[in-house]
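Worksheet: the structure to be examined is printed underneath.
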Amino acid sequence: MARKKSKLEYIANNSKRRATFRARKTSLIKKIDEISTLCGVQSCAIIYPPNEPQPEVWPSPQKAKQVISKFKEIPKLEQNKRMLTQESLLRKRIQKAEDQLKKQKDENRQKEMSHLMFQCLSSGEVTGNASLIDLCDLSRLIDQTLKEIDLKIERIHDQEKMANQVEATQTQP
């Protein structure tokens, strides 16, 4: 059974918010413990619950201090190397989405030109409202396709030559 995805927004109901906090805190600590055990990494969690004077520290305050001091010993440049701000994370996601969009646009354009090329081949003329840009792209696609065909023909000829040579050596006494 799949869990329903909950909205990430403040929970107004106090008792529901406290119950959600306890459940999520338990789950978070369990995940941190798992990653520590399975991957052999040092980790800790410091959680400041609402209306509590002291934070909750996992696995213990002493171990958390060790992890934090080890982190602080690392030069600032190394500390920040893999850390992302909200802005840099969003920039990365936007760039990735833009790259995917460009790739999809290129694929769509390639399909449009292939479709136009096949229309031209079937009718013998350029149909539709093909612009100068379309015709230039079509020309590039046709040139590329002809080069691919020439390469395939060349490979087939080479394979036939090799097969003929093998056959000739086998028939010689």
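Brief remarks follow.
- Condition check for Ser122: surrounded by 10 or more Cβ atoms within 10 Å (Cβ to Cβ), farther than 30 Å from Ile68 by Cβ and more than 17 Å from the chain's Cα centre (by Cα): no
- Output for the range 125-158, where each listed residue is under 32 Å from the mean Cα position of the chain (by Cα) and among the acidic types (Asp, Glu): Asp134, Asp137, Glu148
- Pair list, Cβ < 7 Å and 6+ apart or interchain, from the range 32-60 residues that are under 14 Å from Arg22 (Cα atoms) and at pLDDT 95 or above to residues that are open to solvent by 60 Å² or more (accessible area, probe 1.4 Å) and assigned to a loop (DSSP other than H, G, I, E, B): none
- Of all positions in the range 97-105, none carries a residue that is surrounded by 10 or more Cβ atoms within 10 Å (Cβ to Cβ) and at pLDDT below 90.
- Candidate set: the range 48-75, residues that are within 24 Å of Ile11 (Cβ to Cβ) and open to solvent by 80 Å² or more (accessible area, probe 1.4 Å); chosen: the one farthest from the chain's Cα centre (by Cα): Pro53
- Evaluating Arg140 against the criteria (1) under 30 Å from Phe71 (Cβ atoms); (2) of a type in the set (D, E, K, R); (3) surrounded by 10 or more Cβ atoms within 10 Å (Cβ to Cβ) leaves one unmet condition, (1).
- Among (1) more than 30 Å from Ala12 (Cβ to Cβ); (2) in contact with a Leu (Cβ under 8 Å, 6 or more places away or on another chain) - the single one Ala45 does not satisfy: (1)
- Residues of the range 71-127 satisfying the condition of being under 30 Å from Gln42 (Cβ atoms) and among the β-branched types (Val, Ile, Thr): Ile74, Thr85
The values are calculated or read from the model by the stated rules, or taken from the named source; none is laboratory data. The shown structure was predicted, so the numbers you read here are calculated from the model rather than taken from an experiment. Glycine gets a Cβ as well: all are built from the backbone with ideal geometry, and neighbour counts include every protein chain shown. Surface areas here come from the heavy atoms of the whole protein model, side chains and all, with no ligands, DNA or RNA. Shrake-Rupley method; radii C 1.70, N 1.55, O 1.52, S 1.80 Å.
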